[in-house]
1. Hey, among the residues in region 121-145 that are touching a strand residue (DSSP E or B) at 6+ places or on another chain (Cβ under 9 Å) and open to solvent by 40 Å² or more (accessible area, probe 1.4 Å), which one's nearest to ARG300 (Cα to Cα)?
2. Considering only region 316-408, give the strands (runs of 3 or more DSSP E) lying wholly within it that have at least 2 residues that are on the phi < 0 side of the Ramachandran plot and of a type outside the set (A, V, I, L, M, F, W, C).
3. Among the candidates PRO27, PRO49, single out the residue that is surrounded by 13 or more Cβ atoms within 10 Å (Cβ to Cβ), assigned to a loop (DSSP other than H, G, I, E, B), at pLDDT below 90 and not acidic (Asp, Glu).
4. Every residue in region 240-258 that is open to solvent by 20 Å² or more (accessible area, probe 1.4 Å), on the phi < 0 side of the Ramachandran plot and at pLDDT 95 or above, please.
5. Quick one: how many residues across region 52-91 are under 24 Å from the mean Cα position of the chain (by Cα) and either acidic (Asp, Glu) or assigned to a loop (DSSP other than H, G, I, E, B) (or both)?
6. If the Cβ limit is 6 Å and pairs must be 6+ apart or interchain, which residue in region 486-509 that is β-branched (Val, Ile, Thr) pairs with which residue that is open to solvent by 10 Å² or more (accessible area, probe 1.4 Å)?
7. Looking only at region 474-489, which residues are part of a loop (DSSP other than H, G, I, E, B) and at pLDDT 90 or above?
8. For region 288-304, state whether one or more residues are farther than 19 Å from SER482 by Cα and part of a strand (DSSP E or B).
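The values are calculated or read from the model by the stated rules, or taken from the named source; none is laboratory data. The model shown is predicted, which means the values in this text are computed figures rather than measured ones. Glycine also receives a Cβ, built like all others from the backbone with ideal geometry; neighbour counts cover every protein chain displayed. Side chains included, ligands, DNA and RNA excluded: accessible areas come from the protein's heavy atoms. Shrake-Rupley method; radii C 1.70, N 1.55, O 1.52, S 1.80 Å.
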Amino acid sequence: MQIRCLIFMTTALVFPNLASASWEWWPCSSHVYRSGKPLNSFKQWVNQPVPRRPPIVPKTDVSLPVLVIGAGPAGLAAMRQLKLNGVSFEAVERSNAVGGIYSLTSATSPAYDNLEMKTSKRTTEYPDFPMPDAWPDYISREQAAQYLSNYAGRFALNRHIRFHSKVLTITKTDHNTWLATFVDELTGQQSTKEYRGFVSAKGAFSTDTISYPTRLWNEAVAGGIEVCHSATYRNNQPYEKKRTLVFGFGNSGADIVAQVSEVASETYLAVRGGAAWVVPLYVPLTPWTRGAPADVFAERRWPVPRFVERWGYRAIQRLTVGDPTSYGFPEPDHDILDTVPVSNPLVPDLIRKGKIAVKSTILRIDGKRVTFTDPEDEALEIDAMIFATGYKGQDFPFLSSEYVDVHNPNFHLAFHTFHPTEPGIFILPELHAAAGVWPIYFYQAEAVAAFLAAEQNGSPRVAKFNRLRGGIPIDLKGDRFSKRDKFHVDHLIAKDRFHELANWFGGGE
C-alpha cells in the first residue's frame, strides 16, 4: 500500500494533469480517499463518473435494528425519520431524559443557568413541529428542553429509548454487523447486542470534551486563581466582588462575561487570536421597529453579487452594533461571512460603559498576575478565571479510530454523514451554521433513513451511491465560513442537499 501511494504521489508531481484525470482515487489507507474540489450541486455529485477503483461496500443486515446513540436534537431527528421510513431501530441515552445539552437533568451538559439560544425559534424548530407562537423569538434552555420533550412525546419516540445507558464499545463482526456493549450507569450492569449499523448523534459539546490551553490552565491553578471552564460555569454568584477574567470570545464567552460583569468587582475579557464580528439579534426593518430576528432576515438571500451581499451585512453590523475597533477589539482578520459571528450586542455596550475591559491574548500567568501579548495591555492581578475556550470536537471513544477520524484532513464523510466504506456507520456531527441546526439534523436524518429504507427495498440506487460515497464530496458551504472547518455549513444549502439525496433514494430525480 505504501509503495502504491509513493508511485501515485510521484505521478501527481510529474504529471499533474494525469493525476487529476484519475480523480485522485488511489487509497492510501483502507478508509481515506483523496478527493477533488467539492461539487456544487446534487446533480453534479450523482452524475459524476464512477471511479475506476470504487470502494467495496457490503450490504448491511436488514434483519437487525439500527442503533441511535444519543437523544438530543440530532438523535430525536434520527429516530423520527427512521420511524417514518419503516426502519427498525433502538436508541440509548446516558441521562434520564431526552434533550441532550438542553436537558435540565444531564450531568454532562455544558449549558449554564439563564442560557438563551442565539438562533431564533423559526430557524431552530423542526419542520414538522412548530414552536408555540407565544414563545419569545429566542427561547431559553428550559423552553428548548420542553420542546424536545414534547417532540419525543408527540411522535412516541421515548418507547424506543433506553435511558441511563452508555455505549462502551462498538466492534465490527466478521459478517458486517456491529456489536455494541453498553453499561447501565445506575446499576453498572453491562450488556451486548448486535445491530445492522449505528447513527452517532452524541454531539460534541460536553463536560467530557472540554478544551483549554494546558500551560495557562496549570499556571492559573498553581497561582491559586479560581479556575473553571465555561462548560462547568452555571451562574455568576461565585464571582461576586472578585476580579474576574474570561478568556475566549465565542457566544458562550460573550454570555458569561456579560453575566459576570453584573457582580464582579472588575471584569476583563481576553480574546484569542483575531477579533470576532459581533452581530445584532434583530435587524431593524425601519428606524422605528425592532425588525426581524437576524437569522430570519439572513434567510432572504438577495439576488445580488457576493461582494454586494457582504457589503450589505457589514453595513447592517456597523449601524446596529458598530465597528469592532470602536469597543476595543483589533480589526477582524476575516470578513463577516467567513466564520460564525458572536450574537450578543450587549457586550459592546458593557465595554463602552466600562463594565468590561478588553485585553489581548494571554501570554503567561505568574501567581495571580496575568500578562498579555500586547505590550500596551497592563498586567492584571485577578482572583478568578473562566476559560471559554471551546471543545475538542467530535470524538468517538467507543469506536476504533481505524473507522472514523474526523480530524484527519484526508478523511471525509459523504454528505458529512455517510462513511466512505462502511454502510452501517452514520455520523450526525455537530454542524454549525448562522441559523438553527435542528432542521439540518432533520433533513440529514431523512437522508440516512431513506438510504436504509432503499437498501431494505432493494433499490439499485443504493449500489450507485456506494460506488460514489468515498469520492469527490459535495459542497455544503457555498461562500460561507471559509475560515472555519468543514463542519461549518450554509444551512440553506445543507438542508437542500440532504433533502435532494433522500428524494433520490426514494426514486425522485
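1. ARG122
2. Working: elements: 357-359, 362-366, 369-372, 384-387.
Strands (runs of 3 or more DSSP E) meeting the threshold: 362-366, 369-372.
3. On the way: PRO49 fails: surrounded by 13 or more Cβ atoms within 10 Å (Cβ to Cβ).
Exactly one residue qualifies, and that residue is PRO27.
4. Scanning region 240-258 gives GLU240, LYS242, ARG243.
5. 4
6. Here the result reads VAL489/ALA433; VAL489/LYS477; ILE493/GLY478, each pair linking region 486-509 to a residue that is open to solvent by 10 Å² or more (accessible area, probe 1.4 Å).
7. ASP475, LEU476, VAL489
8. Looking for residues that are farther than 19 Å from SER482 by Cα and part of a strand (DSSP E or B), one finds at least one in region 288-304, hence yes.
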